[in-house]
C-alpha cells in the first residue's frame, strides 16, 4: 500500500472519511429539504413538478448525483469496516456494564440509527426516485403526466399526495426522521471533532448549531408526510 | 486511626469476581461473601482482606494489579459494577473508598476487556500494548552535548499547562476499558499531543504521530466514535481535545511528512 491508501485505511483515516462524507450528506439534506418545501406552495404541485424536472435533467445536478451516491457508499462502507473492527477489539464483553453513566445512547448506537436510515432510504428511493427516473424502463411503473404551460411533465406531486395517504407510510417516514435527527445530533459535532476542528471559541457554537440543525432539518422532512396525510 | 470515622459501621458485602487461571483458560465469575469491611478502607484494601481470608482457607488469592496505591502510577485497574475504576469519577480504584458502597451490596469485579489487553490471571490484564505504542514514538530523542540553560526555550504558560494536562495520563487503560470500541485513542492522543505542543517534541512530531497511530492499529484497538466514555471515566480527566489534536497532527503529518 502507498501512503495514501495506508492513511485512509487506518482507523483515524476511515473516521476522517466518515466525517467528510457525513458533512457532505448533511449539505445534501439542506438542498433536498429546500426543494421539498415547494410542496407547500399551494399551487397543486406546479412549482414542485418544475423543480423535480430540473433536478432530473440539469447536467450539474446529475453529476452531483453521482458524487452523492459515492458519498453514501463510502460512508456506509467505512461504517461497516469500522464496526467490524470495533467488535473484534472486544471479543469478551462485560457481564455488568453501565455505559449510560458515561455517554449518550445516540452516540453509542450510530450504527443502529444508520441502519434505520438506510432501510428508509431504500423504501424512499423505491417509492419516488425509481418511478421518476426509471419509470417505463424494464416494465417499471412510471408516473402520471401533467401539463404545465402546454408542456408535459411527470406528476411527482401526485405521487407524493397519494403516498402520504397511507398511514403506515407516514409512520415509517416519521420514525426514520427521528432516527436521522438522533444520528445527526451526535454525528454533526462528532465530524468536527474527528477532523480536528475544535477550538475554545467555535466548538460551543458548532455543538449548539448541530443540535438545532438536526432537529430543524428532520422536523422539516417529517412535517411533509404528516401534512399531506391530514390535508387529504 | 487518624481520619477514620468512629461512627462508620462495618459492612457485609457479596463479591462477584472474575476468576481465570491463566491466559489460555476459560474464566468465570465466582461469588464470595465478605463481612466486616470498614467504610474507611480503600477498594484494594477490601480485596486484601478477602485474599487473607482465602489464604487462610487454603484457596488461591485473587490476582489484581496494584502498585503505589496513591492514584499516580496507573497500575490498578478493575471494572467495578459496570464502570472503569468504579462508580466515582476522577478516581483510580486504589483511591476509591468503601464508603461509596452500602452494607449488603453485591459488587461485580471484572478485568478490563479488550482484545489488545488479554487477561493474564483473574483481574490482571496484559497492558504491554500501551508500552509498544509508547516505544513507537512517545519520546523525545536527546542528543549528547552541553546542558542548555534552564528556561532558555520560552514556552507560553497556556501551552505548558495544556501539555502538562495531557502528561498527567497514567496509562491505566480505563479509556480502553470504558470505550464501547475498546479504542485507545484517548491514551495515544494524550501522549501525542503532550509532546507535539512542546518545542522539544516538535522535532519528531510527524514521524511520532504516524508511528504511534500505526502501532495502535496493529495492536487491535478499535476506532473512536466520539462517545466520550473514555474522558468521563479517566481518573485524571484527560480531555477529548487531545483526540482532536492528534487527528489534526495525523492528517497534517500524513499529508506532509517525508515517509511515503
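Please treat every number below as a calculation from the coordinates, not as lab data. Only a predicted model underlies this, so the values are computations on that prediction, with no experimental measurement involved. Positions of Cβ are backbone-derived with ideal geometry, glycine not excepted, and every protein chain shown enters the neighbour counts.
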Where is the GNM fluctuation largest for chain A (alpha-carbon springs, 10 angstrom cutoff): A:134, A:72, A:213? A:134
Just grab the label-to-label distance for residue B:214 and residue A:227, each label 7 Å out from Cα along the Cβ direction, in nm (one decimal). 5.5
Quarter of the Cα convex hull surface for the stretch A:147-208, i.e. its orientation-mean projected area (nm²): 7.6
Roughly how tilted is helix B:205-218, in degrees to the nearest 10 and between 0 and 90, from the longest Cα axis of chain B? 40
Structure-based [θ]222 nm, chain A - -39500 (n - 2.57) summed over DSSP H runs of at least 4, per residue, nearest 500: -23500 deg cm²/dmol
Mean projected area (nm²) of the alpha-carbon convex hull when the protein assembly as shown is viewed from all directions: 33.0
Quantify how strongly other chains surround peptide B:244-250 by giving the mean number of their Cβ atoms within 10 Å of each of its Cβ atoms. 5
Antiparallel DSSP beta bridges within the protein assembly as shown, percent to nearest 5: 80
Rounded to the nearest 5, what is the percent of antiparallel bridges among the DSSP beta bridges in the stretch B:11-121? 80
The whole-number value in µm²/s of the Stokes-Einstein translational diffusion coefficient for the stretch B:94-202, with Rh from the Kirkwood sum over alpha carbon pairs at 20 °C and 1.002 mPa s, is 126
I need the fraction of alpha carbon pairs in the stretch A:77-232 separated by more than 25 Å, rounded to a whole percent. 50
What does the convex hull of the alpha-carbon atoms of the stretch B:46-106 project to on average, in nm²? 4.8
May I ask what percent, to the nearest 5, of DSSP beta bridges between residues of chain B are antiparallel? 75
Length-normalised contact order for chain B - Cα pairs under 8 Å, 6+ apart - percent: 19
More than 19 angstrom apart: percent of Cα pairs within the stretch A:1-71: 52
Shielding by partners for B:212-225, please: the mean number of other protein chain Cβ atoms within 10 Å of each residue's Cβ. 5
Helix B:241-256 axis, angle to chain B major axis (alpha carbon atoms, nearest 10°): 40
Do you know the relative contact order of the stretch B:11-121, to the nearest whole percent, from alpha carbon pairs under 8 angstrom that are 6+ apart? 35
For peptide A:5-18, what's the mean number of Cβ atoms from other chains within 10 Å of each residue's Cβ? 5
Starting from a Cα-only point model with no solvent, please compute log10 I(q)/I(0) by Debye for chain B at q = 0.12, 0.16 1/Å. -0.77, -1.15
Based on the alpha carbon coordinates of the stretch B:128-259, what radius of gyration and maximum Cα-Cα distance (Dmax) apply, in Å? 14.8, 48
Across all Cα atoms of the stretch B:11-121, Rg and the largest Cα-Cα distance (Dmax), in Å, are 13.5, 37
Helix A:110-124 versus the longest principal axis of chain A: what is the Cα-based angle in degrees, 0 to 90, to the nearest 10? 20
So if I take the centroid of the Cα atoms in the stretch B:217-242 and the same for the stretch B:156-177, what is the distance between those two points in Å? 12
So how far, in whole Å, is the C-alpha centre of the stretch A:160-190 from the one of the stretch A:1-70? 17
In whole percent, what relative contact order does chain A give with Cα contacts below 8 Å and a gap of six or more residues? 26
Residue-averaged [θ]222 nm for chain B, counting only DSSP H segments that reach four residues, each worth -39500 (n - 2.57): -10000 deg cm²/dmol
All-pairs Cα distance distribution in the stretch A:62-122, expressed in whole percent, bin size 5 Å: 4, 13, 17, 22, 18, 11, 8, 4, 2, 1, 0
Among B:93-100, B:138-145, A:195-202, how do they line up from the highest to the lowest mean number of other beta-carbon atoms within 10 Å? B:93-100, A:195-202, B:138-145
